[in-house]
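What follows is a single structure, written as structure tokens, with notes after it.
The values are calculated or read from the model by the stated rules, or taken from the named source; none is laboratory data. What you see is a predicted model, and the numbers here were worked out from it, not measured in a lab. Reconstructed Cβ throughout: ideal geometry from the backbone, glycine too, with neighbour counts over all protein chains shown. To get the accessible areas, we keep the full protein, side chains included, count just its heavy atoms, and leave off ligands, DNA and RNA. Shrake-Rupley method; radii C 1.70, N 1.55, O 1.52, S 1.80 Å.
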Amino acid sequence: MRNKKSLLKITYTAIFTAIILLATSLIKFSTGLGEGYIHLGDCFVYLSACILPFPYCLVAGALGGALADILSGYAIWAIPTMLIKMLNAVPFALVCRKYKSNKILSKYTVLMTIISGMITILGYFVAECILYSVASATLSLLGNTIQAVASGIIFVIIAKATDKINLKSKISKGV
């Protein structure tokens, strides 16, 4: 039974990794601010953190985001993205473990979209300061803020939909 649970955790982690990769690299909308775009990947990082056990949710977010960067031609961002996506998952993982529920959407997870959004904005600001310059990072703040807000809104919509089909309880039984 233990091997089956381990295999299920790895399988669900791989599935969420693939979903995050695809939602980041394929489903995106331009913000009209240079190369900035809104993607659905972050909301699936949040979702995976609400469903998968710790540290599996960190792996899904890190690998899904980094692979999206690499496959989209932005390999220079892979390592910062890995770190940022892991940090994005932490607030959701912590709150979902503390307030055990079969539901994903709660006042706590909505609050975590704000905290995780701030992690995204600050994380990419620091990364861009290191990779390019403070001026470049400052110019990217608006686009990263738009991405963070959009991710929070989309997460709420997807969380509400997945709660209607009891996705968390269905997956959690196996892992």
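Data overview
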| quantity | calculated |
| --- | --- |
| Estimated distance in nm for a label pair at Ile15 and Ile165, the labels positioned 7 Å out from Cα along Cα-to-Cβ | 1.0 |
| Segment Arg97-Val126, extension gain: residue separation times 0.36 nm, minus the distance between their alpha carbons | 7.5 nm |
| Filter on Lys28/Lys164; Lys4/Lys28; Lys28/Lys98; Lys4/Lys107 - keep pairs with C-alpha separation over 27 Å | Lys4/Lys28; Lys28/Lys98; Lys4/Lys107 |
| Spin-label model distance (nm) - Ile157 vs Ser106, 7 Å beyond Cα toward Cβ | 2.5 |
| For a label point 7 Å along the Cα-to-beta-carbon line of Lys173, residues of the stretch 1-24 with backbone N under 16 Å | 5, 8-9 |
| Residue-level accessible surface for Met82, protein heavy atoms, 1.4 Å, Å² | 70 |
| Tyr37 long-range amide H proximity, modeled H, under 5 Å | Thr31 |
| Rounded to the nearest 10 Å², the accessible area of Thr109 at probe 1.4 Å | 0 |
